[in-house]
1. For E311 and K387, what is the calculated FRET efficiency with R₀ set at 30 Å and r taken between the beta-carbons, to the nearest 0.05?
2. Tell me the carbon and sulfur percent of the accessible area for segment 136-197, rounded to whole percent, probe radius 1.4 Å.
3. Cα atoms only, the chain: Rg and Dmax in Å?
4. Okay, helix-only estimate at 222 nm for the chain: each DSSP H run of n ≥ 4 adds -39500 (n - 2.57), divide by all residues, round to 500 deg cm²/dmol; what do you get?
5. Working out 0.36 nm times the residue gap between K73 and N221, then minus their Cα-Cα distance, what length gain in nm do you get to one decimal?
6. Show log10 I(q)/I(0) for segment 1-54 at q = 0.22, 0.28 Å⁻¹, two decimals, from a solvent-free Debye sum over equal Cα scatterers.
7. Taking K394 as the anchor, which lysines have their alpha carbon closer than 24 Å to its alpha carbon, excluding any fewer than eight residues away along the same chain?
8. Just the accessible area per residue of the chain, please: how many Å² with a 1.4 Å probe?
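The values are calculated or read from the model by the stated rules, or taken from the named source; none is laboratory data. In this text the structure is predicted, and so the values were computed from the model without any measurement. Glycine gets a Cβ as well: all are built from the backbone with ideal geometry, and neighbour counts include every protein chain shown. Calculation scope for accessible area: heavy atoms of the full protein, side chains included, ligands and nucleic acids excluded. Shrake-Rupley method; radii C 1.70, N 1.55, O 1.52, S 1.80 Å.
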Amino acid sequence: MQKISLFGYGRTTKAIAKVAINAVFYDDKCTKPFRDSNGFKVNPSSEFNAKYSSLEIPSPGISPSNSLIKKAKNLISEYDYFNDTPPLKIWISGTNGKTTTTQMMQHLLKDKGSQAGGNIGTPLAELSIDAKVWILETSSFTMHYTNIARPNIYVLLPIHPDHLSWHGSMKEYEDAKLKPLLSMQEGEIAIVPHKYKDIKTNAHIISYEDENSLAEHFDINIKKVNFKGAFLADAILGMAVDKILFDRIDYTKINSFKLDPHRQEELKDSKNRLWVNDTKATNIDATKAALNRYKDLHIHLILGGDDKGVELDELFQYLINIDASIYTIGSNKDKLFALGKKHKINSKKCLNLTDAISKIDAVLNINEVALLSPAASSLDEFSSYAKRGNEFKKAVKNIS
């Protein structure tokens, strides 16, 4: 009987275990074997033996350097495992905007029987195989391990440095994002940034410079779309796929979409001053997008966390032309403070997020903005970016 080895005891693998036969977990945090509440066996990683495994499926975030990955002989991704399911598959990737683009697309296509999942929070094993369309937010981690599955439509947002400590280099990260194009077939469609317009693929390429060129290609009146900044590009990409599949452009429907919290979420304190929760900006490009949105104001910028090995000089070169003061937090706060001094940008080193908010509260004027846009992961001090954002919002609410 085929034995499926699931690497990591997380949401993705737990969902697979419920639909797979004879699945066993191996997890780095497990110290001795046990059976979970569903009766599945969970073993320490050290007990994995490739000779007794027919198939290995990792949790997407497990690094290629992990000993389980190195021992595996029949490694496939979650996407590969569900490759033969019937729904038409749309993959959405890129560095920033994947989640919002996926959500907007699902909002537009739900009436056509679509379901959204992947990195957005719902594993493929929990999606219905009777759905007409699967809209999948797809991480570079997943694509690194994917060798069989491919999308019918691939939507790629711009690629910027991120997750370099996981991939090893910018080239490896970019290659993972471009990997689906290599296996796509004639009749399939890829919407990609203009720099990749000549990439070798059998898919039909639609390239774009920005949201304006994309809107022009699909005959979308950008003035009728209510979103601004990075959200406008997300909306146009969602509308583009709706146009490709169903030849329709629905301005009323896209404008009715409600954005999730934690991405350029505006708040007012008790003194009517503007604070912005952009905790989901975990890389340079996302922070630059937020800075660009508020560039006409003096910005009190909270930066810092786990920068995942990315060099940050690019961000500080951008900040030279922005009217901003920097408040550094997190595990890389010393590095950020040193970069601020190097580039002659007013910088303050803070004990933590609460301290940064307190320092800003003391000097923030009514015609300025306080912006949490960390350009770094939250996992050095918080369990998630949402926890970081919620702490920020709570502190702002308590300002008196």
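1. With R0 = 30 Å, the Cβ-Cβ based efficiency is 0.65.
2. Carbon and sulfur atoms account for 53 percent of the accessible area of segment 136-197.
3. 22.3, 68
4. Value at 222 nm, helices only, nearest 500: -9000 deg cm²/dmol.
5. Additional length available on full extension: 48.2 nm.
6. -0.78, -1.24
7. K258, K268, K271, K280, K333, K348, K349, K359
8. 45
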